[in-house]
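Quick notes on the structure that follows.
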Amino acid sequence: MATFKEFRNNVKPNWCPGCGDFSVQASIQRAAANIGLEPHQLAVISGIGCSGRISGYINAYGLHGIHGRALPIAQGVKLANRELTVIASGGDGDGFAIGMGHTVHAIRRNLDITYIVMDNQIYGLTKGQTSPRSAEGFKTKSTPEGSIESTLSPLEIALSAGATFVAQSFSSDLKQLTSLIEAGMQHKGFSLINVFSPCVTFNKVNTYDWFKEHIVNLEQFPEYDPSNRIAAMNKIMETGGMLTGLIYQDKNRKSYEDMAVGFGQEALAKQDLSLSREQFDKL
Ligand code: SF4
Ligand code: MG
């Protein structure tokens, strides 16, 4: 069985020291090892943004795609080889602005992939502009007088779109983040994990301390039932979208590939495309 170190490669991340994305990378590597995956059984597909580099920093199949298009590529990979565990990843600008159309339809399609969004509430790669996740009044180079648009709530949108797995975490909480990624990868359907992942260089408002002060951990509510969609929506709205933990899971709905004709166990793609670990290591 592979250890988390086997999911490392020799590429040194060029994220700024302290960027939240380091913890997301480490959590994916630990989660993959914890659920017994081998590197040749995992694919990480990313969009564009600082966080999009993550696919190059993990020893697995990887593709650093185009802006806002991680999900169409990831869904194609999964449909071509359903034996792979597929992670799509990117930032809040990538997934909730240019890629939002794909996000909503991937959620309702419910293919068995995990989407990890590194939500720093700003555009980091392009040096600090307001994103759909920035708060009203947020001042950046693109909104010098403060943003006059309302903040987008990805958790509310995901639930409305028919999500079967919605979770949120914080890059400082490695234990929670790793266990949610494990749960997302094991969920039979589309899993959305939004991760507060601070941009230490350009976002001087939503800092580690700011998140620690504002986050509401679902552990505080032992009676909370993540199978109750209405309760999930209420809790998201009550906490201003700041709650962390497993917010909603529907274990009954079948995934897209389990329902689609032609993607049964006999699918030819399964035999044709799966490499052994030995073949993968030679790539
Ligand atoms: Fe991370 Fe921000 Fe640096 Fe990008 S600019 S690597 S998001 S800290
Ligand atoms: Mg961002």
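The values are calculated or read from the model by the stated rules, or taken from the named source; none is laboratory data. What you see is a predicted model; the values in this text were computed from it and never measured. Cβ sites come from the backbone with ideal geometry, for glycine too, and all protein chains shown count toward neighbours.
Of note:
- Of all residues in segment 239-249, at least one satisfies being over 15 Å from the mean Cα position of the chain (by Cα), part of a loop (DSSP other than H, G, I, E, B), closer than 25 Å to residue 124 by Cα and not hydrophobic (A, V, I, L, M, F, W, C).
- Filtering segment 120-130 to residues that are within 11 Å of ligand 1 (Cβ to nearest atom) and either crowded, with 24+ Cβ neighbours inside 10 Å or without any contact (Cβ under 8 Å) to a residue 40 or more places away in the chain (or both) leaves 120, 121, 122, 123, 124, 126.
- Against the conditions (1) buried (at least 17 other Cβ atoms within 10 Å of the Cβ); (2) away from ligand 1 (no atom under 16 Å from the Cβ); (3) of a type in the set (Gly, Ala, Ser), residue 160 satisfies every one except (1).
- One residue stands out among those in segment 90-102 that are touching a helix residue (DSSP H, G or I) at 6+ places or on another chain (Cβ under 9 Å) and more than 14 Å from residue 46 (Cβ to Cβ): the one that is surrounded by the most Cβ atoms within 10 Å (Cβ to Cβ), which is 96.
- In the set (1) over 20 Å from residue 88 (Cα atoms); (2) more than 16 Å from ligand 1 (Cβ to nearest atom), the condition left unmet by residue 32 is number (1).
- Only one of the numbered conditions (1) closer than 18 Å to residue 125 by Cα; (2) within 16 Å of ligand 2 (Cβ to nearest atom); (3) not basic (Lys, Arg) is not met by residue 88, and that is (1).
- From 235, 175, 212, residue being of a type in the set (D, E, K, R) and under 16 Å from residue 121 (Cβ atoms): 212
- Every residue from segment 94-117 that is under 18 Å from residue 23 (Cβ atoms) and either modelled with pLDDT under 95 or not aliphatic (A, V, I, L, M) (or both): 114, 115
- In this structure, residue 138 does not qualify as within 16 Å of ligand 1 (Cβ to nearest atom), closer than 19 Å to residue 153 by Cα, among the aromatic types (Phe, Trp, Tyr) and under 18 Å from the mean Cα position of the chain (by Cα).
- Those residues of segment 252-268 which are part of a helix (DSSP H, G or I) and either at pLDDT 65 or above or within 20 Å of residue 227 (Cα to Cα) (or both), in sequence order: 256, 257, 258, 259
- Close pairs from segment 184-199: first within 21 Å of residue 123 (Cβ to Cβ), partner surrounded by 24 or more Cβ atoms within 10 Å (Cβ to Cβ) and among the polar types (S, T, N, Q), Cβ under 6 Å, at least 6 apart: 194/168; 195/169; 195/171; 197/120; 197/171; 198/120; 199/120
- Test: residue in segment 196-217 that is touching a Gly at 6+ places or on another chain (Cβ under 9 Å), surrounded by fewer than 16 Cβ atoms within 10 Å (Cβ to Cβ) and hydroxyl-bearing (Ser, Thr, Tyr): yes
- Subset tally (residues that are free of Cβ contacts under 8 Å to residues at least 40 places away in the same chain and within 16 Å of ligand 1 (Cβ to nearest atom)) for segment 209-224: 2
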